[in-house]
Amino acid sequence: MTTPATPTTTAPAASGTTTAPAGGRLPNGELRRQVAEVLAARAGTELTPRDISAALAGRSSGAIGNALAALTAGGYAEQTSTKPIRYRSTPTTADAATAPVAIPSGTPRRPRATPPATTPPPAPSAVPTVTGPVTRPNGQLYHPRTLSGCRT
């Protein structure tokens, strides 16, 4: 028995510019846009990620903190204190609130390391193969045995 596919409902965004599946993931940059919209609406006020989370019901303050860090890196927000961490809008915050903006990451990606050139396996050592018992320093005899094809 097959079950019918669940229809996707859309919830309008705060400004009505984009839509996202109800209870699903937001499109790329949409949370940054929503956070910038809240900052622009409360211009001049210092807000914590938790304050913005209360304004954007259903979004975690951790995700909002990441969005605020990205907006700060792009110059769309300003961090005013570190403990407690607070942000406020800048003159360019309204630009980020109108449409999702691509913000470059603060650290450039590392180039991929080139794999080292393959080297031939080392030559077998010149240790003679022992076939009989060996006398240990305390005088006891040790009888080598074969493990994994090697005598030890």
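Counting the residues of the range 55-73 that are in a helix (DSSP H, G or I) and surrounded by fewer than 14 Cβ atoms within 10 Å (Cβ to Cβ) gives 1. Considering the range 15-43, the residues that are of a type in the set (V, I, T) and modelled with pLDDT under 80 include one that is surrounded by the most Cβ atoms within 10 Å (Cβ to Cβ), namely T18. Of the residues examined, G58 is not one that is of a type outside the set (S, T, Y) and modelled with pLDDT of 85 or more. Checking the range 44-54 against the condition returns a match, with at least one residue being at pLDDT 80 or above, of a type in the set (G, A, S) and more than 17 Å from G75 (Cα to Cα).
Scanning the range 75-96 for residues that are surrounded by 15 or more Cβ atoms within 10 Å (Cβ to Cβ), small (G, A, S) and more than 16 Å from E46 (Cβ to Cβ) gives A94, A96. Name the residue that is modelled with the lowest pLDDT, counting only residues in the range 136-152 that are of a type in the set (S, T, Y) and assigned to a loop (DSSP other than H, G, I, E, B). Per the criteria, the residue is T152.
Only a single criterion out of (1) at pLDDT 85 or above; (2) within 17 Å of T45 (Cα to Cα); (3) surrounded by 10 or more Cβ atoms within 10 Å (Cβ to Cβ); (4) not basic (K, R) is not satisfied by P133, namely (2).
The values are calculated or read from the model by the stated rules, or taken from the named source; none is laboratory data. This is a predicted model, so every value here is computed, not measured. Note that we place each Cβ from the backbone using ideal geometry, even for glycine, and neighbour counts take in every protein chain shown.
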